[in-house]
Amino acid sequence: MSKPSTVSSARAAGTEAAACVTENRPGKGLAPEHAQPGRAEAELVAHWRDLLSQHAAVSCALEKELQGRHSIGLSEFECLDRLVDADCESYRMSDLAADIYLSQSALSRAVARLERDGLVTRDMCTDDRRAIFVCVTDRGRLLHAAAAPTHRAVLGETLH
C-alpha cells in the first residue's frame, strides 16, 4: 500500500512549497528552484566532491606513512607541526584549537596522547586558571624533525 500524497491537498490550499517538500521521490521534495540543478550548481557540487576526495586521499596517505614510519597519527603530527611552527615557549590550547581543523574534544584527545608519549606538556596558566598552555618537549621536537620530511614528501606526491 502506498503512502498517500499530500501534494494535491497542499496545492489545493495554495502552498506550493509545502507540496514540494511533502512528496518523497527522486527529483521531487525540493523547492522548485532546487529541483533541477543548473550547470553552475552541478559544477559547484562536483568541485566540492573533488575536494572531499582529494582530502580523503591525502589524509589517508599521510596517516599511513606517519603511523608506519614514525608511530604518530596525523592529528598528533598536525598538533606538533602547529606548535613547532609557532616557535614559542608555550601555546594557549584555545589558540591551537582556533588554528587547527580538529574539534575541541578531538584536539584534547590528541594533546593527551602527545602528553602521554612525552612529546608535549600541558600547564595551567597562573593568571587565568581557565587557560591551559601546551609546550613541545625536546622529544617532541626530535620526533617532529624526523616526521616532517615524510609529511612534506607525502604532500608533494599526493598534491602534485
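The values are calculated or read from the model by the stated rules, or taken from the named source; none is laboratory data. Predicted model only: the values in this text are computed from it and were never measured. FYI the Cβ positions are ideal-geometry reconstructions off the backbone, even for glycines, and counts take in every protein chain you see. Only protein heavy atoms, including side chains, enter the accessible area calculation; ligands, DNA and RNA are left aside. Shrake-Rupley method; radii C 1.70, N 1.55, O 1.52, S 1.80 Å.
A few notes on this one:
- Pairs where the first residue, in the stretch 137-150, is touching a residue at least 24 places away in the same chain (Cβ under 8 Å) and the second is of a type in the set (D, E, K, R) and loosely packed, with under 15 Cβ neighbours inside 10 Å, C-beta under 7 Å, 6+ apart: THR150/ARG69
- Just one of (1) within 11 Å of CYS79 (Cα to Cα); (2) open to solvent by 60 Å² or more (accessible area, probe 1.4 Å) fails for VAL111. It is (2).
- Odd one out for SER103, checked against (1) open to solvent by 70 Å² or more (accessible area, probe 1.4 Å); (2) of a type outside the set (Val, Ile, Thr); (3) under 21 Å from CYS60 (Cβ atoms): (1)
- Put simply, of ARG92, ARG116 the only residue that is basic (Lys, Arg), closer than 17 Å to VAL136 by Cβ and surrounded by 13 or more Cβ atoms within 10 Å (Cβ to Cβ) is ARG92.
- Looking only at residues of the stretch 97-109 that are assigned to a helix (DSSP H, G or I) and under 14 Å from the mean Cα position of the chain (by Cα), we find that the one that is modelled with the lowest pLDDT is GLN104.
- Against the test of being assigned to a helix (DSSP H, G or I), among the polar types (S, T, N, Q), surrounded by 13 or more Cβ atoms within 10 Å (Cβ to Cβ) and at pLDDT 85 or above, the options GLN67, GLN54 yield a single qualifying residue, GLN67.
- Test: THR121 is open to solvent by 30 Å² or more (accessible area, probe 1.4 Å), among the hydroxyl-bearing types (Ser, Thr, Tyr) and in contact with a strand residue (DSSP E or B) (Cβ under 8 Å, 6 or more places away or on another chain): yes
- Selection status of ALA148, of a type in the set (Gly, Ala, Ser), surrounded by 15 or more Cβ atoms within 10 Å (Cβ to Cβ) and in a helix (DSSP H, G or I): yes
- The set of residues in the stretch 72-88 being buried (at least 21 other Cβ atoms within 10 Å of the Cβ) and in a loop (DSSP other than H, G, I, E, B) consists of ILE72 alone.
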